[in-house]
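Presented below is the structure to which this report refers.
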Amino acid sequence: MNSNLYALFAARFPKDKQACAIEVPESKATGAARYYTWDDIERATAKIANLLAKIDLPKGSRVAVQVEKSPEALLLYLATVRAGLVYLPLNTAYRESEMAYFLGDAEPGVVVCDRRNFSWLSRLAFKSGARHVFTLNDDATGSLLERAGHCSDQFALAQSAPDDLAAILYTSGTTGRSKGAMLSHGNLASNVQVLKDYWRFTSKDVLLHALPLFHIHGLFVACHCALISGCKTIFLNRFDTAEILQKLPRSTVFMGVPTFYTRLLSDPGFDAETCRNMRLFISGSAPLLTETFNSFIARTGHTILERYGMSETAMLTSNPYEGLRIGGTVGMPLPGVSVRVVSDTDAYCAPDEIGNIQVKGPNVFSGYWRMPEKTREEFTDDGWFKTGDVGKFGAADSDAKGYLSIVGRSKDLIISGGYNVYPKEIETVIDGMEGVLESAVIGVPHADFGEGVVAVVVSKSGCKLDETTMIAALKSRIANFKVPKLIHVVDELPRNAMGKVQKNRLRELYSIK
Ligand code: AMP
């Protein structure tokens, strides 16, 4: 049996292959509206798969992709999977030094990038052993599609076993080194099958898609659910409140990070009438404030369904489709997924007792790319993955019995606008700047982004630091979402008796007003 993930999708494409699969509405960026049928998806992905296959890469080769969101980027993903290669999406915000690390670590056989980055990125790509660098621009131009245009629109699906890799997603590391989470065809297939049923997706749905495609949420949750259901996607290049309000009346499902929901609520034009055809709003990737959850019900009559997952595991828990959705919780383990909350010695915590969240299931990744030791550290001897999140199950005598709540992150992760920011990585860059003695980076509540990045910096004696210049310098070195919104220059960092910087204290002192 062939366990290639593409086969799972293709088997569920609608019988009417001329039906619309993807609609890209008319906008300033896209010009006229564009429509892609299911037949277009099959033929275009066959052409790209043929092009990739012609390069004759060894099995398991990576195809690293840093491109703006477009339907063609989704087609490239599907073609990579179809050809039995490993898809490696990279955030478009990553700069040269970050890309040098990813390409050096992943050693992709093929790199695909926007034409604007071709000159420096191709240099890095060839240095790390890539055989080909193609361009793919968000207006459907570039060498990838030009070359694929000459290939056949028929392709014999590559044979894949359930454990064969389908994708690698890089997550930033607290130690400063990013880790590539290796996800197999089996991991992704099991998760999407569960989600489709749990969230009741059908071919009649219309998914409004405004998430990026380089992250698990937009690609493996949103797109996968639409593909396996054979339903149409209204495909927006980015989140824009006015555009969402215009498209919601024609949609039935929306997935977002909490920031999307706070932005919608801040528009007075967002109301129950706008949501008249909607059946489901899903939130994840960062904590949804109870205040947002409640305001959303009051404004629209809809109860947001919050779920929890991560790059290493795909989706883990969800509030129920039918039944009580409880704000401030991420619901119950999905069918087939085991979730436990344990103490630092791996003893089971009682309900309502806070501990470390560990998980097991067919969706859980096999390990970090070329990091066997890190992988061993992150799994218990009996195979539970340590998520790094801290939480609790609801009290036995409460409505929240069996519902998981996340109370914090043991790994000190900051989530800003749905993106992960690891303080250690930014501290290392700041500490390397001229005149800096040391720094501490923290996440503080931010009305729009959920959490905002703030840096507290101590200067070397006799040196004067200028916050604005530092922020400008950081913008050229690291992705924008990681750049501190504020930098405070202080005489010294508060420390506890053990010499550890007291980040809690910093969070109290330096909130964003
Ligand atoms: P990522 O790998 O980028 O998807 O980030 C995964 C992390 O996001 C998890 O380990 C959690 O810390 C956090 N996360 C995801 N969903 C939620 C949620 N619904 N509530 C709180 N934190 C979440």
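Points worth noting:
- Here Lys392 is the anchor, and the lysines within straight C-alpha reach of less than 22 Å, apart from those fewer than 8 places off in the same chain, are Lys360, Lys401, Lys411.
- Among the GluC sites (Glu not before Pro) in the stretch 265-349, those located in a DSSP loop and surrounded by at most 14 other Cβ atoms within 10 Å of their own Cβ are Glu273, Glu322.
- Hits among lysines - C-alpha to C-alpha of Lys127 under 24 Å, sequence gap 8 or more where chains match: Lys54, Lys59, Lys179
- Electrostatic dipole magnitude of the stretch 399-438 [Cβ: Lys, Arg +1; Asp, Glu -1; Cα centre; debye, to 20]: 380 debye
- Within the stretch 414-509: Cβ-based charge dipole about Cα centre, in debye rounded to nearest 20 (Lys, Arg +1; Asp, Glu -1): 160 debye
- Length-normalised contact order for the chain - Cα pairs under 8 Å, 6+ apart - percent: 11 percent
- Bridge type composition, the chain - antiparallel percent by DSSP, nearest 5: 60 percent
- Table column - 3J(HN,Hα) (Hz), the stretch 188-197, Karplus curve with 6.51, -1.76, 1.60, x for Gly and Pro: 6, 5, 5, 5, 5, 5, 5, 5, 4, 6
- Residue (of Ile354, Ala314, Ser343) at the positive-pole extreme of the stretch 236-356, dipole from beta-carbon charges: Ala314
- Placed amide H near Tyr87: partners under 5 Å, 5+ positions off or other chain: Val63, Ala167, Ile168
- Amide H within-cut-off set for Leu486, under 5 Å, with H built and near neighbours excluded: Ala455
- Each residue, Ala347 and Arg131, gets one label point 7 Å from its Cα in the Cβ direction; the gap between the two is 5.6 nm.
- 3J(HN,Hα) along the stretch 461-469: 4, x, 9, 10, 9, 10, 4, 5, 5 Hz, from the Karplus curve 6.51 cos²θ - 1.76 cosθ + 1.60 with θ = phi - 60°, whole Hz, x for Gly and Pro.
- Cβ-placed point charges (K, R +1; D, E -1), dipole of the stretch 98-150 about Cα centre in debye, nearest 20: 240 debye
- In sequence order, the stretch 323-331 has phi-based couplings of x, 6, 9, 10, x, x, 10, 10, x Hz under the Karplus curve 6.51 cos²θ - 1.76 cosθ + 1.60, θ = phi - 60°, and Gly or Pro positions carry x.
- Antiparallel bridges, percent of DSSP beta bridges restricted to the stretch 414-509 (to nearest 5): 75 percent
- Positive end of the dipole of the stretch 414-509 (Cβ unit charges, origin at the Cα centre): among Val489, Ala479, Ser459, the Cα lying farthest that way belongs to Ala479.
- Placed amide H near Ala21: partners under 5 Å, 5+ positions off or other chain: Tyr36, Thr37, Trp38
- In loop segments of the stretch 377-473 as defined by DSSP, the GluC sites (Glu not before Pro) with at most 14 further C-beta atoms inside 10 Å of their C-beta are Glu434.
- Calculated [222 nm] ellipticity per residue, helices only, for the chain: -8000 deg cm²/dmol; basis is -39500 (n - 2.57) per DSSP H run with n ≥ 4, divided by all residues, nearest 500.
Quick note: the coordinates plus some simple rules give every number you see, no bench work behind them. Remember, predicted model here, so these are calculated numbers, not experimental data. Quick reminder, even Gly has a Cβ in these numbers, built from the backbone with ideal geometry, and neighbours come from all protein chains shown.
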